[in-house]
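Novice: Here you go, one structure.
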Amino acid sequence: MAKKSPSFPPEADELPSPVVDNHTHFPLKGDDTVDLPDGVEALTLDEQVARAERAGVVGMIHSGCELPGLQLAVDLAREWRQIAAALAIHPNETQKHAGVTDVGPDGWQQELQPHHEVSLDDAIQLVAELSALPEVVAVGETGLDYFRAAERGREVQRRAFREHIAIAKELGKPLQIHDREAHADVVAILKADGAPERTVFHCFSGDRELAEVLSVNGWYASFAGPVSYKANEGLRAGLRAMDPSLVVVETDAPYLTPVPHRGRANAPYVITHTVHSMAATLGTELTQLCHQLMGNTIQIYGAFWVSS
Ligand SMILES: [Zn+2]
């Protein structure tokens, strides 16, 4: 593939009806856990929010999922009416807090940073405390990442996932799940422990079969840029197989930029391309899809962007 310039894409037309970016990561000052592609300068938060507003994105959920970013996520949500927080220790982080750095199938050499000296129990305890705050609308992203973990790490991930499930249930908040190459175990753990009332598979990566499991159980699927990638026919079959009342949309920015800007940096305002792509896949009129996505989002998180 030709290398496109690693900048943010241009703004596109506003959606005909507002939507919410159900899961994103803003690069924040003092938080180096969200990496932009090399050479890309971060957009200021003012610019991010202004562009989102012009695109029809009225609300955004920022996931802080590494220890140094938890409090920053809460601060961000306090500062901006349009932004709420989701908190967790990401599955790839859980194993590092447990001192496990075994290389997984992706071959990536795990590196420990100073914050990994905090025990996994203490890190999850902070998630539990901060998640009780009103600015935090979900627990996530938590789950299993079998692409990045070998067996010892997977064991740690499973334990941490169950603890996050328990926190979400105790607080009565939705759960945002990261499921990478681990569909069967994610589903098995949710069934064994009992899923929170509102359970969302963030950046849904399944096919028709997993979509049917979600629909039967009343679990949500949040679709991101990959649903627009040419090769991902199975993912689009998953979208078509979902109960429409359980489908939401997200960017997972700054990663996973949708077509036609794949390879550039992602941000909430770029979600318009993903929504267009989903409408085309579903054969649904764009305005109608926006209404559906918005209604589903409010069912899960409430209308947090409406100031009280
Ligand atoms: Zn994410």
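Novice: Please find, within region 139-155, the residue that is farthest from the ligand (Cβ to nearest atom) out of those that are within 13 Å of GLU181 (Cα to Cα) and of a type in the set (D, E, K, R).
Specialist: Within region 139-155, the subset within 13 Å of GLU181 (Cα to Cα) is 143-150, 154.
Cutting the leftovers down to of a type in the set (D, E, K, R) gives us 145, 148, 154.
Details: ASP145: 11, ARG148: 13, ARG154: 19 Å.
Checked region 139-155; the qualifying residue farthest from the ligand (Cβ to nearest atom) is ARG154.
Novice: As an exercise: evaluate ALA77 against (1) surrounded by fewer than 23 Cβ atoms within 10 Å (Cβ to Cβ); (2) small (Gly, Ala, Ser); (3) modelled with pLDDT of 90 or more and give the number of the one condition it does not meet.
Specialist: Result: ALA77 fails condition (1) only.
Novice: Consider region 183-207. How many of its residues are away from the ligand (no atom under 16 Å from the Cβ) and touching a residue at least 60 places away in the same chain (Cβ under 8 Å)?
Specialist: Counting residues in region 183-207 that are away from the ligand (no atom under 16 Å from the Cβ) and touching a residue at least 60 places away in the same chain (Cβ under 8 Å) gives 1.
Novice: A follow-up question, please. So the check is Cβ under 7 Å with 6+ separation or different chains; which pairs have a first residue in region 108-120 that's within 19 Å of ALA160 (Cα to Cα) and a second one that's of a type in the set (S, T, N, Q) and modelled with pLDDT under 95?
Specialist: Pairs that qualify, where the first residue is within 19 Å of ALA160 (Cα to Cα) and the partner is of a type in the set (S, T, N, Q) and modelled with pLDDT under 95, are GLN110/THR101; LEU112/THR101.
Novice: If you take the residues in region 219-233 that are small (Gly, Ala, Ser) and out of contact with any helix residue (DSSP H, G or I) (no Cβ under 7 Å at 6 or more places or on another chain), which one is surrounded by the fewest Cβ atoms within 10 Å (Cβ to Cβ)?
Specialist: Residue satisfying both the conditions and the ranking: ALA231.
Novice: Could you check, for region 81-88, whether at least one of its residues is within 20 Å of the chain's Cα centre (by Cα) and modelled with pLDDT under 95?
Specialist: Checked region 81-88: no residue is within 20 Å of the chain's Cα centre (by Cα) and modelled with pLDDT under 95.
Novice: Oh, and also: Among (1) out of contact with any strand residue (DSSP E or B) (no Cβ under 8 Å at 6 or more places or on another chain); (2) crowded, with 21+ Cβ neighbours inside 10 Å; (3) more than 24 Å from LEU76 (Cα to Cα), where does THR274 come up short?
Specialist: In the conditions (1) out of contact with any strand residue (DSSP E or B) (no Cβ under 8 Å at 6 or more places or on another chain); (2) crowded, with 21+ Cβ neighbours inside 10 Å; (3) more than 24 Å from LEU76 (Cα to Cα), THR274 misses (1) alone.
Novice: Something else: Return the residues of region 192-218 that are of a type in the set (A, V, I, L, M), farther than 14 Å from ASP243 by Cα and surrounded by fewer than 17 Cβ atoms within 10 Å (Cβ to Cβ); say none if nothing qualifies.
Specialist: Answer for region 192-218, where residues must be of a type in the set (A, V, I, L, M), farther than 14 Å from ASP243 by Cα and surrounded by fewer than 17 Cβ atoms within 10 Å (Cβ to Cβ): just ALA192.
Novice: Do we have GLY172 as on the phi > 0 side of the Ramachandran plot, surrounded by fewer than 22 Cβ atoms within 10 Å (Cβ to Cβ) and at pLDDT 95 or above here?
Specialist: Numbers: on the phi > 0 side of the Ramachandran plot: yes; surrounded by fewer than 22 Cβ atoms within 10 Å (Cβ to Cβ): yes; at pLDDT 95 or above: yes.
Yes, satisfied.
Novice: When residues of region 122-165 are filtered for being closer than 18 Å to ASP193 by Cβ and of a type outside the set (Val, Ile, Thr), how many remain?
Specialist: Summing the residues that are closer than 18 Å to ASP193 by Cβ and of a type outside the set (Val, Ile, Thr) in region 122-165 gives 17.
The values are calculated or read from the model by the stated rules, or taken from the named source; none is laboratory data. Keep in mind that this is a model prediction, so the values were computed, not measured. Here Cβ is always computed from backbone atoms with ideal geometry, including for glycine, and neighbour counts include all displayed protein chains.
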